[in-house]
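The values are calculated or read from the model by the stated rules, or taken from the named source; none is laboratory data. Computed from a predicted structure; not experimentally measured. Every residue, glycine among them, receives a Cβ derived from its backbone with ideal geometry; neighbour counts consider all protein chains shown. Accessible surface areas use protein heavy atoms only, side chains included; no ligands, DNA or RNA. Shrake-Rupley method; radii C 1.70, N 1.55, O 1.52, S 1.80 Å.
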Amino acid sequence: QEVLAFATTAKLAGTSDEENAKAWTAPSDRAQYDAIEGNWSSRWNGGADPTIPGDAANKWKQGQAEVKAAGDRLYFLFNWDNGMRRGLIDAHREGTRLVGKYINLTDPKVTRPWIGLIVSSRRIDGRWTGGRLEFRR
């Protein structure tokens, strides 16, 4: 219910002036991606990590991700803090729109609603209740 309530109000435009439109990671060495599945770069903001001294809520945390598809679901397994922390997004795919839940695998009691928008096979814009959580290649 919390996921559906968030998905009803949170919006992603996928436009060229969107926060995720500017490249924030080095381009991949593969010229073309035909599938969403595979390796991605990830980043998120909006939440301070209390286990990291001096961490700020507006600071971007970057890492790596792997995306897997199963029917109409996408699974994003990602990490940050040099691989010391891990998360998982389980999302239902409705065309280019994604609706799901983020689970902090380092601290599984932390879960949050998440929505995503597949802008292209190189860009997925995303939002959670506290900020952004998105993917690029």
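Through the Karplus equation 6.51 cos²θ - 1.76 cosθ + 1.60, θ set to phi - 60°, convert the phi angles of segment 15-20 into ³J(HN,Hα) values in whole Hz; use x for Gly and Pro.
Couplings: 7, 6, 9, 5, 4, 8 Hz.
For the chain, what relative contact order do you get, as a whole percent, if you take Cα pairs closer than 8 Å and at least 6 residues apart?
Once divided by the residue count of the chain, the mean separation gives 26 percent.
When the accessible area of segment 73-121 is split by element with a 1.4 Å probe, what percent falls to carbon and sulfur?
Exposed carbon and sulfur together represent 51 percent of the surface.
Along the charge dipole of segment 65-137, Cβ charges K/R +1 and D/E -1, which of A65, I124, T106 sits furthest on the positive end?
I124
Using the heavy atoms of the protein chains alone and a 1.4 angstrom probe, what is the accessible area of segment 56-137 per residue in square angstrom?
Normalised by residue count, the accessible surface of segment 56-137 is 46 Å².
Tell me the mean residue ellipticity at 222 nm calculated for the chain from its helices only (DSSP H runs of n ≥ 4, each -39500 (n - 2.57), averaged over every residue, nearest 500).
Rounded to the nearest 500, the figure is -1500 deg cm²/dmol.
Can you tell me what percent of all Cα-Cα pairs in the chain are more than 18 Å apart?
Distances greater than 18 Å cover 52 percent of the Cα pairs.
Taking the full set of protein chains and a 1.4 angstrom probe, give the accessible area of V110 in square angstrom, rounded to the nearest 10.
40 Å²
Using the Cα centre of the chain as the reference point, and only Cβ charges (+1 on K/R, -1 on D/E), how large is the resulting charge dipole? Debye, rounded to the nearest 20.
The calculation lands at about 40 debye.
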